[in-house]
Amino acid sequence: ELSWVKIAQKGTEPKARSGHTLTFIDRGNYIMYGGIEDGSNGQKIAPTADVYSMKLHPKECRWEKEKPLGDEQPPARAQHVALATPKFDRVFVYGGHTTPTQRLNDCWWLKVADWTWQRVTGDKVVAVNQDSAISAPPPRANAGVCQYQGKFWIYGGHGGLDRKSTRLNS
């Protein structure tokens with residue numbers, strides 16, 4: 001039987017948001033990245049690049065806002081995909097959008113041990129809504145992702161090249 005139980009939140013709680021990812025790492029450890037923050041207090045509603053770690057316990061969860069390092073860091077985004085590697089040592093981040101008309105197809109690794117961002121080998125900055133430097137799928141947001149036989153599989157979403165807003169089935 002399932003039932004809902006509200007648990008205590010401790011630590012540095014994130015602001016209310018949508019379009020973020022919450023990625024399982026191991027044994028009750030999760031990483032939350034990005035999303036669109038609540039625009040309360042007169043703030044502009046926009047994607048964020050915040051990274052939080054969360055430790056889930058039976059009666060509480062503890063949040064910590066992390067300060068990732070790296071020579072280059074991904075732009076703020078929402079409605080992207082994120083998935084941990086089989087060894088749970090890195091999180092793969094792909095796509096999403098920075099504005100309603102700017103969808104992304106960049107690929108990143110977040111190294112969990114030291115909170116370091118790194119672009120996937122060969123990826124580089126390209127013009128907005130254009131093909132990636134490493135033949136990643138076209139820019140998209142709201143896609144699904146899973147891991148199967150050592151590969152990440154990304155499907156669907158909306159986006160496309162040249163600012164189109166097409167539902168995708170690739």
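The values are calculated or read from the model by the stated rules, or taken from the named source; none is laboratory data. Not measured: the values here are computed from a predicted model. Here the Cβ is made from the backbone with ideal geometry for all residues, glycine too, and neighbour counts use every protein chain on show. Remember, those area values only see protein heavy atoms, side chains included, never the ligands or the DNA or RNA. Shrake-Rupley method; radii C 1.70, N 1.55, O 1.52, S 1.80 Å.
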Check: Where the only charges are on Cβ atoms (+1 Lys, Arg; -1 Asp, Glu), what is the dipole of region 37-92 about its Cα centre, to the nearest 20 debye?
Finding: 200 debye
Check: Roughly how many Å is it from the Cα centre of region 69-112 to that of region 143-170, as a whole number?
Finding: 14 Å
Next item on the list: Multiply the residue separation of Asn29 and Gln130 by 0.36 nm, subtract the distance between their alpha-carbon atoms, and state the gained length in nm to one decimal.
Entry: 32.9 nm
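Going highest first, how would you order 28-37, 68-77 by mean Cβ packing within 10 Å?
Descending packing order for the listed peptides: 28-37, 68-77.
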Check: If the cut-off is a Cα-Cα distance under 15 Å, which aspartates and glutamates reach Lys65, setting aside same-chain residues fewer than 8 apart in sequence?
Finding: Glu13, Glu37, Asp50, Asp114
Checklist line | For the chain, accessible area per residue (1.4 Å probe, heavy atoms of protein chains only), Å² | finding: 60 Å²
Checklist line | Antiparallel DSSP beta bridges within region 1-114, as percent of all bridges there, nearest 5 | finding: 90 percent
Notebook entry, point to check: How many percent of the accessible area of the chain is carbon or sulfur, using a 1.4 Å probe?
Noted result: 53 percent
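Using the Kirkwood radius built from alpha carbon pairs, what does the Stokes-Einstein equation give as D for region 128-170 at 10 °C and 1.306 mPa s, in µm² per second? Display every interim value, and only then the final one.
Numbers: Rh = 10.9 Å.
Rounded to a whole number, D works out at 146 µm²/s.
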Margin query: Sequence gap at least 6, Cα distance under 8 Å: using those rules, report the relative contact order of the chain to the nearest whole percent.
Written below: 15 percent
Next item on the list: Can you check what the net charge comes to around Gly95, using other residues whose Cβ is under 11 Å from the Cβ of Gly95 (Lys, Arg +1; Asp, Glu -1)?
Entry: +2
Note to self: Compute for the chain: radius of gyration divided by Kirkwood radius, i.e. Rg/Rh, restricted to C-alpha atoms, rounded to two decimals.
What the structure shows: 0.97
Notebook entry, point to check: Which shape class applies to region 1-87: rounded if a/c is under 1.5, otherwise prolate when a/b exceeds b/c and oblate if not, where a ≥ b ≥ c are the square roots of the Cα gyration tensor eigenvalues?
Noted result: oblate
Note to self: Can you give me the long-range amide H partners of Gly70? Hydrogens built in the peptide plane at 1.01 Å from N, cutoff under 5 Å, separation of 5 or more residues or another chain.
What the structure shows: Trp117
Margin query: Taking 30 Å as the cut-off for C-alpha to C-alpha distance, list the pairs among Lys10/Lys151; Lys67/Lys124; Lys15/Lys59; Lys10/Lys124; Lys67/Lys87; Lys44/Lys87 that go past it.
Written below: Lys10/Lys151; Lys10/Lys124; Lys44/Lys87
Check: Efficiency by 1/(1 + (r/R0)^6): what FRET value for Glu66 and Asn169, r their Cβ-Cβ distance, R0 = 35 Å, to the nearest 0.05?
Finding: 0.50
Item checked: Accessible heavy-atom area order of Glu1, Glu64, highest first, probe of 1.4 Å -> Glu1, Glu64
